[in-house]
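What follows is a set of notes on a single structure, which appears directly below.
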Amino acid sequence: MIVRRLSTQLVRVRGVRVLEDVDRELKEKIYKPKKHPGRTSSDFVPLADGLASASRVIFDARGVDGVAARKDAVHLCRYLAGRMAPADDEHLRRKAVELERQLSAAQKSGDCDEKQKKQMILKKLRSRTYHWEPIEYDAYRGMLYVLARAAPDFAVLTNIFTEVKRRLPAFAPKAIMDFGSGIGTVLWSARGVWESDLREYFAVDTSADMNDLARLLARNGREENAPFLPGIFFRQFLPATHTVRFQLLFSLAYLLLFRSFFGRFPIRRIRCSCDTTSWSVRSL
C-alpha cells in the first residue's frame, strides 16, 4: 500500500526506485551514511504497566521460583535467538544432489558401491542440516517466555505499529487476527497505538497453555476479572469460516510452527494453504 501511494513520486535509477528529492540530494552529497531519509530511529519503549502487573500476579499465584525461572528464561532466550526455520523437502533434495555430485567428483569410479555412497551422503546431510524441533509450550515454559521475550517483543511491535500509524494515519484496525499469538503481545502493543479503535482480537496458537496464559494476562492475572478488550477470542487452529474479516493480519515467524501444526506434510504446501486461508479472512 505504501509503495502504491508513493509510486507516482518515484523514479527508476539503476533498477532501484528512489524519491526524486532523495536522488537529487544524494548526488549533491548532502546525506551522511548514518543520517539519511531511509534511516529510522526508535525510542525506548517500557513494558506496558498492565502486562507487567498481570505477569507478577500470575507468577505469585502459581508459586514460580523466581531465581530458577530467570535462569531458565535466559537459556530459552538464547535458544530462541539461534533458532532457524526447518528445511523443507525440496531444499533437502537439492542439497543431497549437490553432495552426491561432490562425492562423485572426489572419488574414483568403483571406490564404493551405491549403498555406501548413499550412507555417506546421508551422514553429510545430517551433519550440515539444522535439526529443527517444535517447542512444546506448557504452563511453565509459557511463564519463561514472558520473562524472556515479553519486553523485547512488546518494544519491537510497538515501534512497528507506531511507524505504521505515522505513515498511514487513516489506517486504524478494528479487528486483528494474530497467527502464532503466544502470550498476546500483539494485542498489548496494538492497544497502546489504536486503543480507541480496536474492537476485536482473534488469537491463534497451537498451545492451549499459552492461550490460557494470554487470556489471564488480558484479565490482569485473575480469571474473575473482565478482559480489558471484550472482543478477545483464543483458538488453536485457523478459523474454518471466511466470513469474519480482519483489517490487520499478524504472524510472527509462523514458518517455525508448521511442523508442530501439521507434522509430516510438506512445509511449502502447508504455507500456501495457510496463506490462502489467512488472506481470505483479511479485508482492508
- For region 222-235, Karplus couplings with θ = phi - 60° (6.51, -1.76, 1.60), whole Hz, Gly/Pro x: 10, 4, 6, 7, 7, x, 5, 10, x, x, 10, 10, 10, 9
- If you keep only loop residues by DSSP, which GluC sites (Glu not before Pro) in region 75-180 have at most 14 other Cβ atoms within 10 Å of their Cβ? GLU136
- Query: How much accessible area does ARG167 have with a 1.4 Å probe, in Å² rounded to the nearest 10?
  - Reply: 110
- May I ask you to list the lysines whose Cα is less than 19 Å away from that of LYS115, ignoring any residue fewer than eight positions away on the same chain? LYS95, LYS123, LYS124
- Message: Using only the heavy atoms of the protein chains and a 1.4 Å probe, how would TYR130, TYR140 rank by accessible area, largest first?
- Response: TYR140, TYR130
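Rank these residues by their accessible area, most exposed first, probe 1.4 Å: SER104, SER181.
Per-residue accessible area, sorted high to low, gives SER104, SER181.
Beta carbons within 10 angstrom, averaged per residue: use that to sort the peptides 149-162, 54-67, 183-196, 215-228, highest first. Display every interim value, and only then the final one.
On the way: 149-162: 18.4, 54-67: 13.9, 183-196: 21.6, 215-228: 15.9.
Highest mean packing first, the order is 183-196, 149-162, 215-228, 54-67.
For region 21-148, which whole-number percentage of the solvent-accessible area (1.4 Å probe, protein heavy atoms only) is attributable to carbon and sulfur atoms?
Details: 5020 of 9570 Å².
The value for region 21-148 is 52 percent carbon and sulfur by accessible area.
The values are calculated or read from the model by the stated rules, or taken from the named source; none is laboratory data. Treat the numbers as computed from the prediction; the structure is a model and nothing was measured. Methodologically, a virtual Cβ is constructed for each residue, glycine included, from the backbone with ideal geometry; neighbour enumeration extends over all protein chains shown. Keep in mind that these areas ignore ligands, DNA and RNA; they rest on the heavy atoms of the full protein, side chains included. Shrake-Rupley method; radii C 1.70, N 1.55, O 1.52, S 1.80 Å.
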